[in-house]
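Step one of this worksheet: look at the structure below.
The values are calculated or read from the model by the stated rules, or taken from the named source; none is laboratory data. None of the values given here were measured: they were computed from a predicted structure. Here the Cβ is made from the backbone with ideal geometry for all residues, glycine too, and neighbour counts use every protein chain on show. Side chains included, ligands, DNA and RNA excluded: accessible areas come from the protein's heavy atoms. Shrake-Rupley method; radii C 1.70, N 1.55, O 1.52, S 1.80 Å.
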Amino acid sequence: QVQLAESGGGLVQPGGSLRLSCAASGSIISISAMGWYRQAQGKQRELVARITSGGSTNYADSVKGRFTISRGNAKNTVYLQMNSLKPEDTAVYYCMVAHWGNDYWGQGTQVTVSS
């Protein structure tokens, strides 16, 4: 079993920045990918950014050039640096870890972009 602990959400003004963190713990054997998804009110959950164990990344078109995903030195942590935030980035952000053929999800952290 893998547990995920997220942190870093909050309220920020348009144009501001936030950094989300997610740490995986438990019976970790092999993490193949880690990522961030988000779900805005009334919308489906969507991929924001994903990084593989080899370091390959992919981003939603809407966040390219503004968001950066990275992994910590311990490889069990993943970060999402969010810059130039827009009101349309407002959502609950979920950490996801692909581990040993299963996907695990965090509890979600609220990001609100508003003046």
* Structure fact -> Filter the range 1-22 for residues that are in contact with a Leu (Cβ under 8 Å, 6 or more places away or on another chain), open to solvent by 40 Å² or more (accessible area, probe 1.4 Å) and part of a strand (DSSP E or B); the one that is farthest from Lys86 (Cα to Cα) is Ser7
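Taking the condition of being assigned to a strand (DSSP E or B) and farther than 13 Å from Val97 by Cβ, how many residues in the range 32-52 meet it?
Filtering the range 32-52 for residues assigned to a strand (DSSP E or B) gives 32-39, 46-52.
Cutting the leftovers down to farther than 13 Å from Val97 by Cβ gives us 38-39, 46-49.
Final tally of qualifying residues: 6.
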* Restricted to the range 34-84, and to residues that are open to solvent by less than 40 Å² (accessible area, probe 1.4 Å) and among the β-branched types (Val, Ile, Thr), which residue is nearest to Ala24 (Cα to Cα)? -> Thr77
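Residues to consider are Gly72, Gly54; find the one that is under 13 Å from Leu20 (Cα atoms), more than 10 Å from the chain's Cα centre (by Cα) and small (Gly, Ala, Ser). Give the derivation first.
Details: Gly54 fails: under 13 Å from Leu20 (Cα atoms).
Answer to the selection: Gly72.
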* Candidate set: the range 98-107, residues that are out of contact with any Asp or Glu (no Cβ under 7 Å at 6 or more places or on another chain) and open to solvent by less than 20 Å² (accessible area, probe 1.4 Å); chosen: the one farthest from Ile29 (Cα to Cα) -> Ala98
* Which condition number in (1) modelled with pLDDT of 95 or more; (2) part of a strand (DSSP E or B); (3) surrounded by 13 or more Cβ atoms within 10 Å (Cβ to Cβ) is the one that Gln110 fails? -> (3)
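Any idea which of Ile69, Ile29 is at pLDDT below 95 and either over 19 Å from Gln107 (Cβ atoms) or not in a loop (DSSP other than H, G, I, E, B) (or both)?
Values: Ile69 fails: at pLDDT below 95.
Going through Ile69, Ile29 in turn, the sole match is Ile29.
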* Asked: Give me the pairs: first residue in the range 27-48 and over 18 Å from Gly8 (Cα atoms), second residue open to solvent by 60 Å² or more (accessible area, probe 1.4 Å) and among the small types (Gly, Ala, Ser), beta-carbon distance under 6 Å, and six or more apart or on different chains, which are they?
  -> Ser32/Ser53
* Residue match in the range 74-94 (condition: more than 22 Å from Ser115 (Cβ to Cβ) and of a type in the set (Gly, Ala, Ser)) -> yes
